[in-house]
Amino acid sequence: MSEQSDIAINQVLHFTLSSRDVRGRIVRIDEALNAIISVHNYPPLIESLLTETLLLTAIIGSTLKNEDGQMTIQAQSRNGAISLLVCDYSKGGIRGYVQFDQERFDKRNDDSLETVFADGYLAITIDRAQQGRYQGIVPLDRVSMTDCIEHYFEQSEQLPTKIIIGVKGDRRKIAGALLVQHLPDGEDGKERLHVRLDHPEWEHVKILSQSMSGDELCDANIPLEELAWRLFHEEEVRIEKGAVISKGCRCNETHIRDVIAKFPDSERQEMANDEGQIVVDCKFCSKDFLISLAPMEN
Ligand SMILES: [Zn+2]
């Protein structure tokens, strides 16, 4: 252990097992998660899919190098009850929402991903100021979002990955996740060598990781570094503090006013309702902004 961290909640713990060419993340969230799901009031199944995806967003977002850019997880389907589930991460801020068809949802045959996202796919997009945009896509054909994300890393990034998650609570939730990834050349950010078929080091770490329980991940009395230590006590573990996780949305009235002000007056008139207000909604926050036309006419 190289650094005391004492992180227990709402902050990511980074760790590295350099002798095994493995990097890891552990996170446990409550405030941001509850702030997001409480404004939506989705049916329990949809809420639990959003919860799982928000947790995955927090932990995968935290692998962005130098906390640069934005990462978006988007699950879409044309024929399922859920047409869109989207979550994103930027500098520790997470947010998300779901669009679904109530009638299709009520008539669904079962709760499987393949049913609620019939013929659906999962896209992960990374936007970086310097390197531009990168997107990878996998079908939503696994048992869980977590499995689909592991599949994504294997297929799109050739990056063997194991993720363990835990979610507890009904109205007030707490959720935790562990992610371990095998970096064939040992270092973050370097060009990856072609992936070998056998990974004895990786197999060992993967098996150790599977002993982490969802209960431990959700237990706010256990500091995250202790979880890392429990798993890898025979290894040399390097630990660092990562991003603080919060509910992050860029919507605010000033920004929306500025955007609307850029439209020509005639278009603004068309956008306005009978009361002379333009209604702009933020789907992430499930919130309407009422922007009055009057002050802009000056
Ligand atoms: Zn918002």
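Any read-out appearing in this document is the output of simple, stated calculations on the displayed coordinates, not a laboratory observation. Computed from a prediction, not measured in an experiment: that's the story for all the values here. Glycine also receives a Cβ, built like all others from the backbone with ideal geometry; neighbour counts cover every protein chain displayed.
State which residue is farthest from Gly96 (Cα to Cα) when the search covers only the range 16-59 and only residues that are of a type in the set (Ser, Thr, Tyr) and in contact (Cβ under 8 Å) with a residue 24 or more places away in the chain. Write out each step before concluding.
Within the range 16-59, the subset of a type in the set (Ser, Thr, Tyr) is 16, 18-19, 38, 42, 48, 51, 53, 57.
Now narrow it down to the ones that are in contact (Cβ under 8 Å) with a residue 24 or more places away in the chain: 16, 18-19, 42, 48, 51, 53, 57.
Values: Thr16: 29, Ser18: 34, Ser19: 37, Tyr42: 12, Ser48: 12, Thr51: 9, Thr53: 8, Thr57: 9 Å.
Selected residue: Ser19.
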(message) Anything in the range 79-110 that is of a type in the set (D, E, K, R) and crowded, with 20+ Cβ neighbours inside 10 Å? List them, or say none.
(response) Asp88, Arg95
(message) Looking at the range 147-159, can you tell me whether even one residue there is hydroxyl-bearing (Ser, Thr, Tyr) and more than 17 Å from Leu55 (Cα to Cα)?
(response) yes
(request) Any chance you could count how many residues in the range 96-109 are out of contact with any helix residue (DSSP H, G or I) (no Cβ under 9 Å at 6 or more places or on another chain) and outside any helix (DSSP H, G or I)? (result) 3
